[in-house]
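Asks: Let me begin by handing over the structure; questions about it come next.
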Amino acid sequence: MKNIIKNTFILTAITVVAGCLLGLVYEVTKEPIAAAEQNAKEEAYYTVLPAETYTLYDKYDQQDADEFLAEAGYENNEIDEVAVAENTYGKSVGYVITVTSHEGYGGDIVLSIGISTDGTVTGMELLTISETAGLGMRADEPEFKEQFRDRHVEKFVYSKTGEKDSNKIDALSGATVTTNAVTNAVNAALLYFRNELYMEGGSVNE
(Lines give C-alpha, C1' and ligand atoms only; values in the text may rest on other atoms or scores of the structure.)
Protein backbone atom coordinates (compact mmCIF):
# COMPACT_ATOMS: atom_id res chain seq x y z
CA MET A 1 0.00 0.00 0.00
CA LYS A 2 2.82 2.40 0.94
CA ASN A 3 4.50 1.75 -2.40
CA ILE A 4 1.27 2.50 -4.27
CA ILE A 5 0.85 5.80 -2.43
CA LYS A 6 4.50 6.66 -2.98
CA ASN A 7 4.36 5.86 -6.70
CA THR A 8 1.13 7.82 -7.08
CA PHE A 9 2.69 10.81 -5.39
CA ILE A 10 5.77 10.61 -7.61
CA LEU A 11 3.67 10.36 -10.80
CA THR A 12 1.52 13.26 -9.66
CA ALA A 13 4.59 15.38 -8.94
CA ILE A 14 6.09 14.53 -12.35
CA THR A 15 2.82 15.44 -14.07
CA VAL A 16 2.58 18.76 -12.25
CA VAL A 17 6.21 19.65 -13.00
CA ALA A 18 5.86 18.63 -16.65
CA GLY A 19 2.70 20.71 -16.95
CA CYS A 20 4.41 23.74 -15.45
CA LEU A 21 7.39 23.34 -17.76
CA LEU A 22 5.14 23.06 -20.81
CA GLY A 23 3.29 26.17 -19.73
CA LEU A 24 6.58 28.00 -19.26
CA VAL A 25 7.86 26.91 -22.67
CA TYR A 26 4.59 28.08 -24.26
CA GLU A 27 4.82 31.51 -22.61
CA VAL A 28 8.45 31.90 -23.66
CA THR A 29 7.92 30.83 -27.27
CA LYS A 30 4.46 32.19 -28.14
CA GLU A 31 5.64 35.73 -28.87
CA PRO A 32 8.57 34.69 -31.11
CA ILE A 33 6.28 32.26 -32.93
CA ALA A 34 3.63 34.94 -33.41
CA ALA A 35 6.29 37.37 -34.64
CA ALA A 36 7.66 34.80 -37.09
CA GLU A 37 4.16 34.11 -38.42
CA GLN A 38 3.51 37.84 -38.82
CA ASN A 39 6.80 38.31 -40.67
CA ALA A 40 5.98 35.40 -42.98
CA LYS A 41 2.58 36.91 -43.70
CA GLU A 42 4.04 40.35 -44.43
CA GLU A 43 6.64 38.81 -46.74
CA ALA A 44 3.84 37.01 -48.58
CA TYR A 45 1.92 40.28 -48.87
CA TYR A 46 4.90 42.01 -50.45
CA THR A 47 5.51 39.08 -52.79
CA VAL A 48 1.98 39.09 -54.17
CA LEU A 49 1.50 42.88 -54.23
CA PRO A 50 4.46 45.16 -53.42
CA ALA A 51 3.39 48.21 -51.40
CA GLU A 52 4.61 50.55 -48.70
CA THR A 53 2.00 49.64 -46.09
CA TYR A 54 -0.77 47.10 -45.56
CA THR A 55 -3.80 48.02 -43.50
CA LEU A 56 -6.63 45.71 -42.57
CA TYR A 57 -9.80 46.56 -44.48
CA ASP A 58 -12.10 47.87 -41.78
CA LYS A 59 -15.34 47.06 -43.62
CA TYR A 60 -14.56 43.36 -43.92
CA ASP A 61 -17.19 41.13 -42.32
CA GLN A 62 -16.42 37.41 -41.94
CA GLN A 63 -20.04 36.27 -41.80
CA ASP A 64 -21.07 38.28 -44.85
CA ALA A 65 -18.07 36.96 -46.76
CA ASP A 66 -18.87 33.35 -45.84
CA GLU A 67 -22.48 33.74 -46.91
CA PHE A 68 -21.50 35.42 -50.15
CA LEU A 69 -19.01 32.70 -51.09
CA ALA A 70 -21.48 29.94 -50.19
CA GLU A 71 -24.13 31.46 -52.43
CA ALA A 72 -21.58 31.71 -55.24
CA GLY A 73 -20.61 28.04 -54.93
CA TYR A 74 -17.36 28.53 -53.02
CA GLU A 75 -18.63 27.24 -49.69
CA ASN A 76 -15.38 25.33 -49.08
CA ASN A 77 -13.37 28.54 -49.04
CA GLU A 78 -13.13 31.17 -46.31
CA ILE A 79 -11.73 34.66 -46.59
CA ASP A 80 -9.65 35.14 -43.46
CA GLU A 81 -8.39 38.65 -43.96
CA VAL A 82 -8.46 41.56 -46.38
CA ALA A 83 -5.66 44.11 -46.36
CA VAL A 84 -5.50 47.37 -48.29
CA ALA A 85 -2.11 47.86 -49.95
CA GLU A 86 -0.98 51.49 -50.14
CA ASN A 87 1.94 53.22 -51.80
CA THR A 88 4.22 55.86 -50.25
CA TYR A 89 1.59 58.54 -50.88
CA GLY A 90 -1.10 56.64 -48.99
CA LYS A 91 -2.96 55.75 -52.16
CA SER A 92 -4.46 52.29 -52.51
CA VAL A 93 -2.79 50.11 -55.14
CA GLY A 94 -4.96 47.08 -54.47
CA TYR A 95 -5.78 44.44 -51.91
CA VAL A 96 -4.23 41.31 -50.46
CA ILE A 97 -6.89 38.73 -49.70
CA THR A 98 -6.04 35.72 -47.53
CA VAL A 99 -8.14 32.64 -48.21
CA THR A 100 -8.35 29.23 -46.54
CA SER A 101 -9.38 26.39 -48.82
CA HIS A 102 -10.87 23.29 -47.20
CA GLU A 103 -10.52 21.35 -50.45
CA GLY A 104 -6.89 20.31 -50.13
CA TYR A 105 -5.96 16.64 -50.34
CA GLY A 106 -3.82 16.75 -47.18
CA GLY A 107 -5.73 19.39 -45.25
CA ASP A 108 -6.45 23.10 -45.39
CA ILE A 109 -4.46 25.28 -47.77
CA VAL A 110 -3.99 28.92 -46.83
CA LEU A 111 -2.93 31.41 -49.45
CA SER A 112 -2.66 35.14 -50.01
CA ILE A 113 -3.74 36.65 -53.32
CA GLY A 114 -2.75 40.12 -54.50
CA ILE A 115 -5.28 41.97 -56.65
CA SER A 116 -4.60 45.44 -58.02
CA THR A 117 -7.30 48.12 -58.14
CA ASP A 118 -8.14 47.26 -61.76
CA GLY A 119 -8.77 43.60 -60.92
CA THR A 120 -5.47 42.14 -62.09
CA VAL A 121 -4.19 39.23 -60.01
CA THR A 122 -0.66 40.35 -59.18
CA GLY A 123 0.45 37.17 -57.46
CA MET A 124 -0.38 34.22 -55.25
CA GLU A 125 1.62 32.87 -52.32
CA LEU A 126 0.97 29.83 -50.14
CA LEU A 127 1.09 30.36 -46.39
CA THR A 128 0.10 26.85 -45.30
CA ILE A 129 0.10 23.65 -47.33
CA SER A 130 0.52 19.98 -46.38
CA GLU A 131 -0.12 18.12 -49.61
CA THR A 132 1.63 14.99 -50.86
CA ALA A 133 5.36 15.42 -51.43
CA GLY A 134 6.27 15.40 -55.11
CA LEU A 135 2.64 15.87 -56.14
CA GLY A 136 0.42 18.44 -54.47
CA MET A 137 3.36 20.10 -52.72
CA ARG A 138 4.52 21.26 -56.15
CA ALA A 139 1.83 23.92 -55.86
CA ASP A 140 4.38 25.82 -53.76
CA GLU A 141 6.92 25.84 -56.57
CA PRO A 142 7.49 29.08 -58.52
CA GLU A 143 6.61 27.51 -61.87
CA PHE A 144 3.06 26.81 -60.71
CA LYS A 145 2.50 29.99 -58.69
CA GLU A 146 3.77 32.25 -61.46
CA GLN A 147 0.86 31.15 -63.65
CA PHE A 148 -1.40 33.39 -61.55
CA ARG A 149 0.82 36.46 -61.69
CA ASP A 150 -0.21 39.56 -63.67
CA ARG A 151 -3.34 37.97 -65.10
CA HIS A 152 -6.51 39.98 -65.66
CA VAL A 153 -9.26 37.38 -65.91
CA GLU A 154 -12.76 36.92 -64.62
CA LYS A 155 -12.09 33.36 -63.51
CA PHE A 156 -9.21 30.88 -63.68
CA VAL A 157 -9.68 27.38 -65.03
CA TYR A 158 -7.08 24.62 -65.14
CA SER A 159 -6.20 22.37 -68.02
CA LYS A 160 -4.69 18.90 -68.00
CA THR A 161 -3.72 19.08 -71.67
CA GLY A 162 -1.55 22.18 -71.65
CA GLU A 163 -4.10 24.36 -73.42
CA LYS A 164 -3.04 27.97 -73.69
CA ASP A 165 -5.62 30.63 -73.05
CA SER A 166 -5.81 33.90 -71.16
CA ASN A 167 -7.54 32.33 -68.17
CA LYS A 168 -6.06 28.82 -68.19
CA ILE A 169 -3.32 27.37 -66.01
CA ASP A 170 -1.59 24.01 -66.29
CA ALA A 171 -2.78 21.54 -63.68
CA LEU A 172 -0.24 19.76 -61.51
CA SER A 173 0.27 16.28 -62.88
CA GLY A 174 -1.15 13.72 -60.47
CA ALA A 175 -2.50 16.42 -58.17
CA THR A 176 -5.82 17.53 -59.59
CA VAL A 177 -7.33 17.91 -56.11
CA THR A 178 -4.63 20.36 -55.06
CA THR A 179 -4.85 22.25 -58.35
CA ASN A 180 -8.60 22.55 -57.96
CA ALA A 181 -8.30 23.74 -54.36
CA VAL A 182 -5.79 26.48 -55.19
CA THR A 183 -7.66 27.59 -58.29
CA ASN A 184 -10.96 27.80 -56.44
CA ALA A 185 -9.34 29.81 -53.64
CA VAL A 186 -7.95 32.35 -56.11
CA ASN A 187 -11.31 32.53 -57.86
CA ALA A 188 -13.06 33.06 -54.52
CA ALA A 189 -10.76 36.02 -53.83
CA LEU A 190 -11.40 37.43 -57.29
CA LEU A 191 -15.14 37.12 -56.88
CA TYR A 192 -15.05 38.80 -53.48
CA PHE A 193 -12.94 41.62 -54.89
CA ARG A 194 -15.28 42.28 -57.81
CA ASN A 195 -18.41 42.25 -55.69
CA GLU A 196 -17.25 43.79 -52.43
CA LEU A 197 -14.18 45.90 -53.17
CA TYR A 198 -14.07 46.95 -56.81
CA MET A 199 -17.37 48.84 -56.64
CA GLU A 200 -15.89 51.34 -54.20
CA GLY A 201 -12.48 51.37 -55.82
CA GLY A 202 -13.04 54.86 -57.14
CA SER A 203 -13.77 56.37 -53.75
CA VAL A 204 -10.96 54.46 -52.07
CA ASN A 205 -8.36 55.47 -54.63
CA GLU A 206 -9.27 59.16 -54.99
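The values are calculated or read from the model by the stated rules, or taken from the named source; none is laboratory data. This is a predicted model, so every value here is computed, not measured. Counting neighbours? That spans all protein chains shown, and the Cβs are built from the backbone with ideal geometry, glycine included. These area figures cover heavy atoms from the full protein model, side chains too; ligands, DNA and RNA do not enter into them. Shrake-Rupley method; radii C 1.70, N 1.55, O 1.52, S 1.80 Å.
Asks: What is the percent carbon and sulfur in the accessible area of the range 106-177, measuring with a 1.4 Å probe over the protein chains and ignoring ligands? Mind dumping the intermediate values first?
Replies: On the way: 1700 of 3530 Å².
Here carbon and sulfur together make up 48 percent of the probe-accessible area.
Asks: Could I ask something else about it? If I ignore ligands, DNA and RNA and count only protein heavy atoms, how much of residue 41 is accessible to a 1.4 Å probe, in Å² to the nearest 10?
Replies: 50 Å²
Asks: In what sequence, largest accessible area first, do 137, 124 appear using a 1.4 Å probe? Write down the numbers at each step before the final one.
Replies: Details: 137 65, 124 5 Å².
From most accessible down to least: 137, 124.
Asks: If you plug each phi of the range 70-86 into the Karplus form 6.51 cos²θ - 1.76 cosθ + 1.60 with θ = phi - 60°, what whole-Hz ³J(HN,Hα) values come out, in order, with x for Gly and Pro?
Replies: With the stated coefficients, the range 70-86 comes to 4, 5, 8, x, 10, 5, 8, 10, 10, 8, 7, 7, 10, 10, 8, 9, 10 Hz.
Asks: Ranked from the most accessible area to the least, with a 1.4 Å probe and all protein chains present, what is the order of 71, 196? Present the calculation step by step, with values, prior to reporting the outcome.
Replies: On the way: 71 160, 196 75 Å².
Descending order: 71, 196.
Asks: Same structure again: How far apart, in nm, are two points set 7 Å out from the Cα along the Cα-to-Cβ line at residue 167 and at residue 143?
Replies: 2.7 nm
Asks: Between residue 155 and residue 133, what FRET efficiency comes out of the Förster formula 1/(1 + (r/R0)^6) with R0 = 25 Å and r the beta carbon distance, rounded to 0.05?
Replies: On the way: r = 30 Å, r/R0 = 1.19.
Working from the Cβ atoms, E equals 0.25.
Asks: A follow-up question, please. Classify the range 41-97 from the C-alpha gyration tensor, please: rounded if a/c falls under 1.5, else prolate or oblate depending on whether a/b exceeds b/c. Write out the running numbers ahead of the final one.
Replies: Values: a/c = 3.01, a/b = 2.10, b/c = 1.43.
Here the range 41-97 falls in the prolate category.
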